[in-house]
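**Q** Attaching a single structure in structure tokens format; questions to follow.
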Ligand code: NCD
Ligand code: ZN
């Protein structure tokens with residue numbers, strides 16, 4: 001008997017990569033999520049209607065092979081010079097979001113945006129097409145712990161400069177970002193990851209270094225984590241789930257790649273975080289309701305079952321060093 005059954009969740013921020021590795025990552029996400037918004041930091045990036053279609057087709061094939069019914073939501077990468085027609089082409093191909101990576105902020109972002117003026121034409125086109133602007137909100141030139149706060153004024157400029165644009169600030173990691181989102185109008189929302197709700201910089205580096213916890217934005221302080229939990233369990237439709245599951249093979253991790261493979265553990269971590277906050281009844285809204293509403297989608301038809309059942313996270317899952325490897329988690333999830 002499950003301890004909790006919820007509507008099948010959505011993941012509004014996931015990295016499924018490309019090539020042979022994608023099959024395992026897509027199957028892992030499809031096991032728990034009915035839809036996922038697939039991030040575009042692959043090489044070459046989807047920056048046209050054809051690019052969006054091709055990449056989504058490859059994801060669809062990987063999901064089909066998994067045997068789980070799940071729907072990939074497509075995004076494109078916002079690249080200076082791509083132009084209005086390319087943006088409208090991405091929208092026509094079914095992309096629901098365009099991703100703004102500050103140039104150099106994270107994995108495969110050297111072709112990202114140096115400053116918002118460099119994509120003014122493209123942002124206008126996104127606004128006209130009703131596309132969501134998805135933002136990796138970090139200033140790569142600031143000190144690592146200050147990058148998110150330092151980028152908030154840039155987001156503020158975009159919010160003010162494009163009064164109809166709908167915006168999602170991704171993977172919040174600080175009190176400052178939570179406060180900023182609440183200060184902006186309703187057309188601005190945010191994703192929160194399971195790892196930023198569950199862990200702090202001490203899990204990464206407080207004891208022995210555990211690079212499974214190394215991601216951008218970096219895990220922050222207990223105070224930041226508490227603010228994120230408060231936002232997630234508040235029931236506000238402005239905060240919803242995006243895993244930022246970002247698998248890197250062991251050699252890449254050893255070479256310093258940022259990204260935590262969270263898809264296998266995300267639902268377990270979320271159930272524990274919401275339970276600890278006395279808000280298990282708000283979990284469904286956070287993972288299966290608010291994001292769908294923001295993106296204008298129906299909620300999923302299926303169900304996810306959650307059980308209070310301890311399990312130890314393996315060191316390697318799908319060939320990748322897992323987030324929270326070796327930890328005992330208190331909840332397990334499976335499709336109902
Ligand atoms: C992500 C990746 O590896 O693609 N890494 C990460 O640390 N989160 C990119 C991203 O979302 O920053
Ligand atoms: Zn990401």
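**Q** Does region 45-52 include one or more residues that are within 16 Å of ligand 2 (Cβ to nearest atom), buried (at least 20 other Cβ atoms within 10 Å of the Cβ), at pLDDT 95 or above and under 27 Å from residue 284 (Cα atoms)?
**A** The answer is no; no qualifying residue exists.
**Q** Among the residues of region 155-177, write down those that are touching a helix residue (DSSP H, G or I) at 6+ places or on another chain (Cβ under 6 Å), surrounded by fewer than 23 Cβ atoms within 10 Å (Cβ to Cβ) and closer than 23 Å to residue 235 by Cβ.
**A** 175, 176
**Q** Just checking, how many residues over region 35-66 are more than 20 Å from residue 244 (Cβ to Cβ) and touching a residue at least 24 places away in the same chain (Cβ under 8 Å)?
**A** 10
**Q** Read through the list (1) under 17 Å from residue 8 (Cα atoms); (2) out of contact with any helix residue (DSSP H, G or I) (no Cβ under 8 Å at 6 or more places or on another chain), then give the number of the only condition that residue 300 fails.
**A** (2)
**Q** I'd like the residue in region 1-15 that is over 17 Å from residue 136 (Cα atoms) and part of a loop (DSSP other than H, G, I, E, B) and, out of all such residues, is nearest to ligand 2 (Cβ to nearest atom).
**A** The selected residue is 9.
**Q** Which one of these does residue 69 not meet: (1) over 20 Å from residue 132 (Cβ atoms); (2) within 19 Å of the chain's Cα centre (by Cα)?
**A** (2)
**Q** Right, next: Considering region 225-239 alone, what residues qualify as being touching a residue at least 24 places away in the same chain (Cβ under 8 Å) and farther than 21 Å from residue 289 by Cβ?
**A** Within region 225-239, 225, 227 qualify.
**Q** Looking at region 40-54, can you tell me whether even one residue there is outside any helix (DSSP H, G or I) and more than 16 Å from ligand 1 (Cβ to nearest atom)?
**A** Taking every residue of region 40-54 in turn, at least one turns out to be outside any helix (DSSP H, G or I) and more than 16 Å from ligand 1 (Cβ to nearest atom).
**Q** Kindly indicate which of 91, 24 is assigned to a helix (DSSP H, G or I) and either under 28 Å from residue 158 (Cα atoms) or within 16 Å of ligand 2 (Cβ to nearest atom) (or both).
**A** 91
**Q** Okay, next question. Please name all residue pairs, on different chains or six or more residues apart, with Cβ atoms under 9 Å, provided the first residue is in region 240-253 and is over 30 Å from residue 182 (Cβ atoms) and touching a residue at least 24 places away in the same chain (Cβ under 8 Å) and the second residue is away from ligand 1 (no atom under 14 Å from the Cβ) and part of a loop (DSSP other than H, G, I, E, B).
**A** Listed pairs, sorted by first residue: 247/318; 247/319; 249/319; 250/319.
**Q** Something else about it: Within region 184-224, can you find the residues that are within 16 Å of ligand 2 (Cβ to nearest atom), touching a residue at least 60 places away in the same chain (Cβ under 8 Å) and under 19 Å from residue 252 (Cα atoms)?
**A** If the condition is that a residue be within 16 Å of ligand 2 (Cβ to nearest atom), touching a residue at least 60 places away in the same chain (Cβ under 8 Å) and under 19 Å from residue 252 (Cα atoms), then 212, 213, 216, 217, 218 are the ones that fit.
**Q** If you don't mind, another one. For residues that are away from ligand 1 (no atom under 14 Å from the Cβ) and either under 22 Å from residue 287 (Cβ atoms) or in contact with a helix residue (DSSP H, G or I) (Cβ under 7 Å, 6 or more places away or on another chain) (or both), tally how many sit in region 191-216.
**A** Matching residues across region 191-216 total 5.
**Q** Here's a check for you: in region 72-85, which residue that is more than 16 Å from ligand 2 (Cβ to nearest atom) and crowded, with 21+ Cβ neighbours inside 10 Å is farthest from the chain's Cα centre (by Cα)?
**A** 82
The values are calculated or read from the model by the stated rules, or taken from the named source; none is laboratory data. These numbers were taken from a predicted model, which means no experiment stands behind them. Glycine also receives a Cβ, built like all others from the backbone with ideal geometry; neighbour counts cover every protein chain displayed.
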